[in-house]
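Here is the structure we will look at.
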Amino acid sequence: MSKKKILICEDEPSLVFTLRDTLENEGYEVFIVENGNDAIQRIPEFQPDLMLLDIMLPGMSGFEVCKKVREMKFNFPIIMLTARDQEIDKVTGLNIGADDYMTKPFGVKELLARIQARLRRISTYSKPGPIESVTLGEVIINLNQSKVERPDGEEIDLTTREVELIRFLVANSNEPVSRDTLLEHVWRYEYSTNTRTVDVHISKLRSKIELQPDDPRYLVTLHGVGYMMKMP
């Protein structure tokens, strides 16, 4: 089995040394960059399975790096690291696509546990091979290009979040998916009661992929449960 690859974007030498030593001892393949620009440039080459990303970086902040990574359509987990313990930082990071957040100084054992949990979650909820396109009747969804092609020739753009939402629902097609599950695996909120955000996104997505959004054929609501993508 090939080693899992972890990209560390951190400019504090002592922490980099500790992280590299710890992770390599655990059997991970580790790559190091010291600033956001290098991270963005090297990600296509490294193809990491997970990224440890400091918020306070020279030049491009960790928030900017995280946002650009998601815009590049990379969906590997991102754990953000910071010396600041402010809730707004955590909310900002999660809203732009981060998966977890650790405040310095943190325990190495806890970090390892969180890394293992994130990597395990990917293997549990991923099916072999990337989903490139989905056909729903006369509607074709091109996930690589983030576009919906409707039978009248109209093309509609999908947001990054909508693409992630479709991928997850299709990967779990014909199975009920709760709002909490979507929050955890698409929005990456582990503890949240704000399920309204899921409903709003589902409604917008239906207007793009369903020919009759008010009477959906594929993306259906399961009252009291959540949603389901009905596939042949």
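Hey, any hits in the stretch 219-232 for a residue that's closer than 27 Å to I78 by Cβ and either hydroxyl-bearing (S, T, Y) or assigned to a loop (DSSP other than H, G, I, E, B) (or both)?
yes
Of the numbered conditions (1) surrounded by fewer than 19 Cβ atoms within 10 Å (Cβ to Cβ); (2) under 19 Å from the mean Cα position of the chain (by Cα), G107 satisfies every one except a single condition; which is it?
(2)
Return the pairs, sorted by first residue and then second, in which the second residue is open to solvent by less than 50 Å² (accessible area, probe 1.4 Å) and in a strand (DSSP E or B), the first residue lies in the stretch 207-221 and is among the basic types (K, R), the beta carbons are less than 6 Å apart, and the residues are 6+ apart or on different chains.
These pairs meet every condition: K208/V148; K208/I156.
Would you please name the residue that is nearest to I6 (Cα to Cα), looking only at residues in the stretch 89-117 that are of a type outside the set (D, E) and at pLDDT below 80?
The extreme case among them is G97.
For the stretch 3-29, what are the residues that are assigned to a loop (DSSP other than H, G, I, E, B), without any contact (Cβ under 8 Å) to a residue 60 or more places away in the chain and of a type in the set (D, E, K, R)?
Across the stretch 3-29, the qualifying residues are K3, D11, E12.
Pairs, please: C-beta under 6 Å, at least 6 apart or cross-chain, first residue more than 19 Å from M51 (Cα to Cα) and in the stretch 113-138, second open to solvent by 80 Å² or more (accessible area, probe 1.4 Å) and at pLDDT 50 or above?
Short answer, once both residue conditions are applied: E132/N144.
Can L136 be described as more than 30 Å from I78 (Cβ to Cβ), modelled with pLDDT of 90 or more and surrounded by fewer than 16 Cβ atoms within 10 Å (Cβ to Cβ)?
No; evaluated as a whole, the condition is false for this residue.
Looking at this structure, is I32 part of a strand (DSSP E or B), within 25 Å of H185 (Cβ to Cβ) and free of Cβ contacts under 8 Å to residues at least 60 places away in the same chain?
Judged against the criteria, I32 is not a match.
Just name the residue that is farthest from R114 (Cα to Cα) out of those in the stretch 40-57 that are touching a helix residue (DSSP H, G or I) at 6+ places or on another chain (Cβ under 9 Å) and open to solvent by 30 Å² or more (accessible area, probe 1.4 Å).
Residue satisfying both the conditions and the ranking: I40.
Looking only at the stretch 176-216, count how many residues are assigned to a loop (DSSP other than H, G, I, E, B), modelled with pLDDT of 85 or more, of a type outside the set (A, V, I, L, M, F, W, C) and surrounded by 14 or more Cβ atoms within 10 Å (Cβ to Cβ).
So the count comes out to 3.
Scan the stretch 92-114 and give yes if some residue there is within 26 Å of L158 (Cα to Cα) and touching a Pro at 6+ places or on another chain (Cβ under 8 Å), otherwise no.
yes
The values are calculated or read from the model by the stated rules, or taken from the named source; none is laboratory data. Please read these numbers as outputs of a predicted model, since none were measured by experiment. No Cβ is skipped: glycine too gets one built from the backbone with ideal geometry, and neighbour counts run over all protein chains shown. For the accessible areas, the whole protein counts, side chains as well, though only heavy atoms, and no ligand, DNA or RNA atoms are used. Shrake-Rupley method; radii C 1.70, N 1.55, O 1.52, S 1.80 Å.
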